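The values are calculated or read from the model by the stated rules, or taken from the named source; none is laboratory data. Everything numeric in this text was worked out from a predicted model, so none of it was measured. Note that we place each Cβ from the backbone using ideal geometry, even for glycine, and neighbour counts take in every protein chain shown. When the accessible area is computed, the model is the full protein with side chains, heavy atoms only, and any ligands, DNA or RNA have been set aside. Shrake-Rupley method; radii C 1.70, N 1.55, O 1.52, S 1.80 Å.
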Amino acid sequence: MTLEPEKKPYAHKPASTIAPRAERNILTARRNLEAAPLTVARTASGPDRSMHTPPGSPTVRMATARFPSGPLRPPLGPLGLGNVLRLTTFFFLLALPFYWGCQDTQQPQPDAGADLEYDLFDGSWNPPGGQLVAQPDPLVFEVERLGYEVYRSLTLSNIGEHGLVVFDLEAVAPVGQLLEVLDADLPFGLHPGETTQVDLVFHPISCAPVQAALRIASSDEVESVKQVSLLTTGLHAEMSVDPESIAFGRVGANQRVSRSLRIENLGLCPLHIDRLQIEGSDHFSLRVPDPVTGILRPFSPDDLPFVVVAEEPLELDVVYYTPQDIPETAVLTIDAREEPEPWEIPLSANIRVPPVAVAQAWVLGRDDPPAREILTIPLETIQLDGSRSYDPDREVVAYRWLVLERPQDSTAALEPNELAVDPIFFLDLAGDYLFTLTVYDDDGLASTNTAEIRVTAVPDQDIHVQLVWNTPDDPDQYDRHGTDVDLHLLRIPGSWDTPPWDCHWKNMEPDWGQANNPEDDPSLDIDDVDGLGPENINLDRPESGVTYAIGVYYYSDREMGASFVTVRVYIDGVQRFEIADRELTRTGVFWDVGRITWPSIRVDTVDEIHPFGFPTSP
């Protein structure tokens, strides 16, 4: 403890000795707490005066009386007669209030065995005591970067019933760590209920966390030396590797290729790489920068360890060379002492990679962009396209399209065939279609991804009537020679097979509704004469209150016997009616199917067979 400088320096005096358990009061109270004599000496005069104890000397406790106006000091000067008189008068005046105070209050004298001889507050005596609380405990220093100081504050509180004196604050840290208390004016007192703040600073010089302590010596009657834990968060290194895997692809034989590998430190402390090792194949190798020239050269274990600091990554090359075109894999292990586990980087070369199928489609005759999902109307033609398919390491050499889903009774086929890169498909019926594409490369590998085209054909007319049929005795229903079944839509009143009110193959686009307005006229879109169908009649803007009759006529069996006929009716794009597989035994049979009275969306079933042709009236 250093005494505050005087206006005039002390003259040099010989060292003084304090007997065991004795006290000498020179500005501050000094008590020898040990059983051996204590020597107290001034080591300098003037502003650099201090007191010290020789090595091995007993402990000295010091306390300064503090008043509201600050410490009270005697007027000192050279030791002449005048100064002696002045000193005598000073100490007499100083002792007089305490003498009368003791006489008036009759307070007990301090116990001679107590560690704290006395504690002064507001000029009155208090017995030794007080209770010290330090918060928070532990006190944590959050370290962000090396070399940047971290400041924290500790709150000291006296929760006892008597005044308390704090004699000493000592930060105890491991060797090499700098942790100190800032601007503590010791000793100082705390009244009952009073708090004060102690500021500390930590100077981080290493990455490891530090465990330290603050020792507080006070007049606390229970715990004269309190210890508060001081903890500092450590800094760390964090390794990042990019890329996390290396695939050289199809290299072939006698070809040398390389890929860059970057090892980066995302932390604040140095990263030490102790091991770089490739296992699994001798055809992979490493090149590292020369420490002098920076030029990449073959890696040697003698190059280790590599020290990687923040913002200065380590750039490596992974090299592959083989005399044979064979698939190979390996693992590059990167082991850093700061990482909990080694990093493993998968390496591969000449791996046979399957091709990737890419399918797209659009409606012929429309300007819509290619897509994988299409909404359109029946009787449109879809253009399928697989030309954007590719192979990562070789070439796509073959294509195969499949129609996995289609409406019941749809018979359309891919044209020119399913092996074309870009076939077309006719949407013969309303409903949902699903096409898939598989491609093959010159290694014989097939694509493993899903390449699909979904098409939904929904009629956009108010009334859509659909006819399909099956002739079991036709040896090839897909050729150009088959049975002929015709669809009829009759506006009542009217006669079957008679223009203008019967829409069929001889009257495909009659003028109904408003004269010379084709938008409200029916139309037969297809007249199929060689088997299976379909045939479709569409009508937009039907006349309100008018009834329309649906009929089917077996025009020619071509000596192939009976056909089984299905009729479906869509109203506003939704299927509302179906009769399936009605048998028409031979040429000339007529089937009266049902009635639609607009604007009803219901189809009334008739389902009558006329074996000798058209009835005279519906």
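Of all residues being at pLDDT 95 or above and touching a Pro at 6+ places or on another chain (Cβ under 8 Å) in segment 570-585, which is nearest to residue 536 (Cα to Cα)? Just the residue, please. My answer is 570.
Of all residues in segment 409-425, those being farther than 17 Å from residue 525 by Cβ, in contact (Cβ under 8 Å) with a residue 24 or more places away in the chain and open to solvent by 20 Å² or more (accessible area, probe 1.4 Å) number 5. Applying a threshold of 6 Å to beta carbon distances and a minimum spacing of six or more residues, or different chains, the list of pairs starting in segment 447-458 at a residue that is in a strand (DSSP E or B) and ending at one that is open to solvent by 60 Å² or more (accessible area, probe 1.4 Å) reads 453/372; 454/373; 456/375; 456/432. Counting the residues of segment 313-326 that are of a type in the set (Ser, Thr, Tyr) and assigned to a strand (DSSP E or B) gives 1.
Can you pull out the residues in segment 528-565 that are within 16 Å of residue 479 (Cβ to Cβ) and aliphatic (A, V, I, L, M)? Result: 529, 532, 560.
Yes or no: residue 615 assigned to a loop (DSSP other than H, G, I, E, B) and without any contact (Cβ under 8 Å) to a residue 24 or more places away in the chain? In short, no. Total residues in segment 559-599 satisfying the condition of being charged (D, E, K, R), surrounded by fewer than 17 Cβ atoms within 10 Å (Cβ to Cβ) and in contact (Cβ under 8 Å) with a residue 40 or more places away in the chain: the figure is 2. All of (1) open to solvent by less than 10 Å² (accessible area, probe 1.4 Å); (2) closer than 18 Å to residue 378 by Cβ hold for residue 523 with one exception: (1). Of all residues in segment 134-157, count the ones that are part of a loop (DSSP other than H, G, I, E, B) and open to solvent by less than 50 Å² (accessible area, probe 1.4 Å). Of the residues in segment 134-157, 1 are part of a loop (DSSP other than H, G, I, E, B) and open to solvent by less than 50 Å² (accessible area, probe 1.4 Å). For first residues located in segment 322-349 and basic (Lys, Arg), partners that are surrounded by fewer than 16 Cβ atoms within 10 Å (Cβ to Cβ) and lie 6+ apart or on another chain with Cβ distances below 6 Å form the pairs 337/274.
Just give me the residues in segment 600-618 being open to solvent by 40 Å² or more (accessible area, probe 1.4 Å), under 15 Å from residue 553 (Cα atoms) and either touching a Cys at 6+ places or on another chain (Cβ under 8 Å) or not hydrophobic (A, V, I, L, M, F, W, C) (or both), in sequence order. Once the filter is applied, which keeps residues that are open to solvent by 40 Å² or more (accessible area, probe 1.4 Å), under 15 Å from residue 553 (Cα atoms) and either touching a Cys at 6+ places or on another chain (Cβ under 8 Å) or not hydrophobic (A, V, I, L, M, F, W, C) (or both), segment 600-618 yields 607, 608, 610, 611, 616, 617, 618.
Test residue 555 against the stated conditions and say whether it is in contact (Cβ under 8 Å) with a residue 60 or more places away in the chain, over 26 Å from residue 600 (Cα atoms) and assigned to a strand (DSSP E or B). Yes. Scanning segment 279-300 for residues that are under 20 Å from residue 342 (Cβ atoms) and touching a residue at least 12 places away in the same chain (Cβ under 8 Å) returns 279, 280, 281, 284, 285, 286, 288, 299.
Residues in segment 267-296 that are modelled with pLDDT under 95, within 15 Å of residue 307 (Cβ to Cβ) and either open to solvent by 50 Å² or more (accessible area, probe 1.4 Å) or assigned to a loop (DSSP other than H, G, I, E, B) (or both): 267, 268, 269, 270, 291. Note on segment 241-252: among residues that are modelled with pLDDT of 90 or more and surrounded by fewer than 17 Cβ atoms within 10 Å (Cβ to Cβ), the one that is farthest from residue 302 (Cα to Cα) is 247.
Looking at 238, 194, just one residue is in contact with a Gly (Cβ under 6 Å, 6 or more places away or on another chain) and either surrounded by 13 or more Cβ atoms within 10 Å (Cβ to Cβ) or within 30 Å of residue 344 (Cβ to Cβ) (or both), and that residue is 238. Among the residues of segment 431-458, the ones that are closer than 14 Å to residue 362 by Cα, open to solvent by less than 40 Å² (accessible area, probe 1.4 Å) and not hydrophobic (A, V, I, L, M, F, W, C) come to 1 in all.
The combined condition, being surrounded by 23 or more Cβ atoms within 10 Å (Cβ to Cβ), out of contact with any strand residue (DSSP E or B) (no Cβ under 8 Å at 6 or more places or on another chain) and on the phi < 0 side of the Ramachandran plot, is fulfilled by residue 428.
Just one residue in the set 229, 219, 224 is surrounded by 17 or more Cβ atoms within 10 Å (Cβ to Cβ), in contact (Cβ under 8 Å) with a residue 60 or more places away in the chain, within 22 Å of residue 172 (Cβ to Cβ) and among the polar types (S, T, N, Q); that residue is 219. For segment 466-478, does any single residue satisfy the condition of being open to solvent by less than 50 Å² (accessible area, probe 1.4 Å), β-branched (Val, Ile, Thr) and either without any contact (Cβ under 8 Å) to a residue 40 or more places away in the chain or not in a loop (DSSP other than H, G, I, E, B) (or both)? Yes, segment 466-478 contains a residue that is open to solvent by less than 50 Å² (accessible area, probe 1.4 Å), β-branched (Val, Ile, Thr) and either without any contact (Cβ under 8 Å) to a residue 40 or more places away in the chain or not in a loop (DSSP other than H, G, I, E, B) (or both).
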